[in-house]
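Below: the structure, in structure tokens.
Here, each number is a calculation from the coordinates, and none is a lab measurement. Predicted model only: the values in this text are computed from it and were never measured. Here the Cβ positions follow ideal geometry from the backbone for every residue, glycine too, while neighbour counts run over all protein chains shown.
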Amino acid sequence: MFTFKHLILLAGFAFLMFSCGQSGKQEGETQTSDKGIKIAVIPKGTTHSYWKSVQAGAMKAGEDLGVIILWQGPQKEDDRQMQIQVVQNFISRGVNAMVLAPLDDRSLVQPVNTAVKKGIPVVIIDSGLSGGDYSSFVATDNFMGGKMCAKKLAEEMSGKGKVAILRYQEGSASTGKREEGFLAGIKEYAPSIEIVVDNQYAGATIEKAFQTSQNMLNRYADIEGVFASNESATMGMLRALKTAGRAGKVKFVGFDANKDLLGALKAGEIQGLAVQDPYRMGYEGVKAAVAILKKQPFEKNVDTGVLMVTNENLATDEVKKLINF
Ligand code: BDR
């Protein structure tokens, strides 16, 4: 359904197309030359600090490789229509390649195929697609990341107790894989742990994640451990545990990191955070797109890695590199 929001977006694009022809840089663009390769980089959303790291990596790759990066995405990770609109606008604008983190693994297949049919190669980053003619996939091994979270939570709970999993959003392939991996990991590492609730979704905002978490904690008062599968879900669960006076009492493993989550880790309110490398994801996504355009060799699959961050390894160089917010 075409809304006022989409009208604003289109007007913004019209302005961008007009003004790009008139003068230099636009917000979110590194302009190296008027005749340079233009690569659209489209995140799932733009509010999580995670995406700011993806953007930084993409911009750096643009500078290093001498290409123009056009960064544009929906504000929230549940705005399927907006992300489709952004892809379609870049197709009509005529970018040379696209780097896309699809917020839904089905509804973005057709827009990706339209781009490819028009000669615009697509690199998928961060979150998978169920099909589509994209050229390369650059992401975390999210299933393995979820298993890693199960192992950490099982250790913290000495292999027993009642656990809740806070899922993120239906259609989000990245978090779906983490949730699958977590459940498989609990079965493998701690069969005595009882999963008391595994069908609750946080939704795309911290506020919605907070409300879902509060309801969960009220309904299952005997929960002893929780897992949340991304930054906003982890933030919402943390807020709910604090509000209930249970932060630090319930064992808690989350996904992604930001200043607040690291603070909670240091305070003992979170026991572990699975931290990805979004900067590298943005950089490698642009690098693959440029290689494809220049008909150079490129990797079909790039695993950008995930690390379980705890108070024990927080000060190591390996971790500091990932959490320099
Ligand atoms: C992270 O979780 C998911 O929403 C995205 O795929 C990304 O990996 C952002 O918080």
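Taking the stretch 212-238, which residues are away from the ligand (no atom under 16 Å from the Cβ) and in a strand (DSSP E or B)?
Filtering the stretch 212-238 for residues away from the ligand (no atom under 16 Å from the Cβ) gives 214-226.
If the condition is that a residue be away from the ligand (no atom under 16 Å from the Cβ) and in a strand (DSSP E or B), then Gly225, Val226 are the ones that fit.
For the stretch 166-176, indicate whether the set of residues that are more than 16 Å from the ligand (Cβ to nearest atom) and touching a helix residue (DSSP H, G or I) at 6+ places or on another chain (Cβ under 8 Å) is non-empty. The answer is no, given that none of the residues of the stretch 166-176 is more than 16 Å from the ligand (Cβ to nearest atom) and touching a helix residue (DSSP H, G or I) at 6+ places or on another chain (Cβ under 8 Å).
Filter the stretch 43-86 down to the residues that are away from the ligand (no atom under 16 Å from the Cβ) and among the β-branched types (Val, Ile, Thr), then identify the one that is surrounded by the most Cβ atoms within 10 Å (Cβ to Cβ). The qualifying residue surrounded by the most Cβ atoms within 10 Å (Cβ to Cβ) is Ile69. Scanning the stretch 236-281 for residues that are among the charged types (D, E, K, R) and farther than 20 Å from Tyr201 by Cβ gives Lys242, Arg246, Lys249, Lys251, Lys259, Asp260, Lys266, Glu269, Asp277, Arg280.
Taken over the stretch 92-149, residues that are aliphatic (A, V, I, L, M), surrounded by 19 or more Cβ atoms within 10 Å (Cβ to Cβ) and over 21 Å from Arg178 (Cβ atoms) amount to 9. Just one residue in the set Leu307, Leu265, Leu314, Leu273 is over 16 Å from Ala97 (Cβ atoms), out of contact with any strand residue (DSSP E or B) (no Cβ under 9 Å at 6 or more places or on another chain) and of a type in the set (A, V, I, L, M); that residue is Leu314.
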